[in-house]
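Scroll down for the structure; my scribbles are underneath it.
The values are calculated or read from the model by the stated rules, or taken from the named source; none is laboratory data. Just so you know, these numbers come straight off a predicted model, no measurement behind them. Cβ: placed from backbone, ideal geometry, glycine included. Neighbour counts: every protein chain shown.
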Amino acid sequence: MADDTQSIPYELNYDPQGRVVLRRPDLEDAVDVRIRRSFPWSDPMRYVSIRSSEGKELVLIEDLADLDAAIRSFVEKELTRSSFIPTISRVDKISLAFGHMEWIVQTDRGPATFRVQEREDVRFLQDGRFRVKDADGTVYELPTVGSLDPHSQKELEVLV
C-alpha cells in the first residue's frame, strides 16, 4: 500500500547525477524515483504516483493542489519532463489509404506525420478532447474540434 502524503512528510530534489531523490524521515532515501500520473487523461491533477526505479509505489499524491508550492513545482516540472504527449494544434491533412489513416499535423513540439492503424486508436474523451495513438505507440492529444481552425475541423470530418 502506498504511503499517504499527509502522514509522512517528504522532500524531492536532484542528486549530482540529475536523478530524482525522495527523502523521508526515518527511511532510506529513494534514488532515481519516477513521478507519474495515474489518470493522465481523465484526472491529471490527482493521484500522482512517486515510484521507485523498480516500479514500487512509495508515495501517492492524492491532489497536486494540496502540496506546498515548492514540492508542487518540482512534481509538475518532472511530469512535464517525463511526459511525451504532443498536443495537436492544427491538422493539415488526414488521408485514408490501405486500411489506415495518415496524419500530417502541427503540434506544440513541431510538425509531425504519423499513421493510425485502427479506428479504435482514436479515442473520444468525455470533455470533448481526443487521444490519438499512432502505429509506433506515440500518443497525441487533440483538443476539442471547436477550438481548432476551420481547415483542421474539415480534415477531422473523416472521423465522424
Practice task
Run LEU79 past the list (1) at pLDDT below 90; (2) aliphatic (A, V, I, L, M); (3) under 17 Å from LEU12 (Cβ atoms); (4) touching a Phe, Trp or Tyr at 6+ places or on another chain (Cβ under 8 Å) and report the number of the one that doesn't hold.
Solution key: (4)
Practice task
Can you tell me which residue within region 81-127, out of those that are over 22 Å from ASP43 (Cβ atoms), touching a Leu at 6+ places or on another chain (Cβ under 9 Å) and among the β-branched types (Val, Ile, Thr), is surrounded by the fewest Cβ atoms within 10 Å (Cβ to Cβ)?
Solution key: ILE94
Exercise for the section: Would you be able to say whether some residue in region 46-63 is of a type in the set (A, V, I, L, M, F, W, C), outside the structural domain of VAL139 (by TED's automatic domain parsing) and exposed (fewer than 14 other Cβ atoms within 10 Å of the Cβ)? Expected result: no
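What about THR138, is it among the β-branched types (Val, Ile, Thr), surrounded by fewer than 16 Cβ atoms within 10 Å (Cβ to Cβ) and over 30 Å from GLY18 (Cβ atoms)? Give the derivation first.
Numbers: among the β-branched types (Val, Ile, Thr): yes; surrounded by fewer than 16 Cβ atoms within 10 Å (Cβ to Cβ): yes; over 30 Å from GLY18 (Cβ atoms): no.
Answer is no for this residue.
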Exercise for the section: Confirm whether ARG115 is over 16 Å from the mean Cα position of the chain (by Cα) and either under 28 Å from LYS154 (Cα atoms) or among the polar types (S, T, N, Q) (or both). Expected result: yes
Completion exercise
Filtering region 121-144 down to residues that are in contact with a Lys or Arg (Cβ under 9 Å, 6 or more places away or on another chain) and free of Cβ contacts under 8 Å to residues at least 40 places away in the same chain yields ASP121, VAL122, ARG123, PHE124, PHE130, LYS133, ASP134, ALA135, ASP136, THR144
Practice task
Return yes when PRO40 is outside the structural domain of ARG129 (by TED's automatic domain parsing) and within 27 Å of PRO143 (Cβ to Cβ) and no when it is not.
Solution key: yes
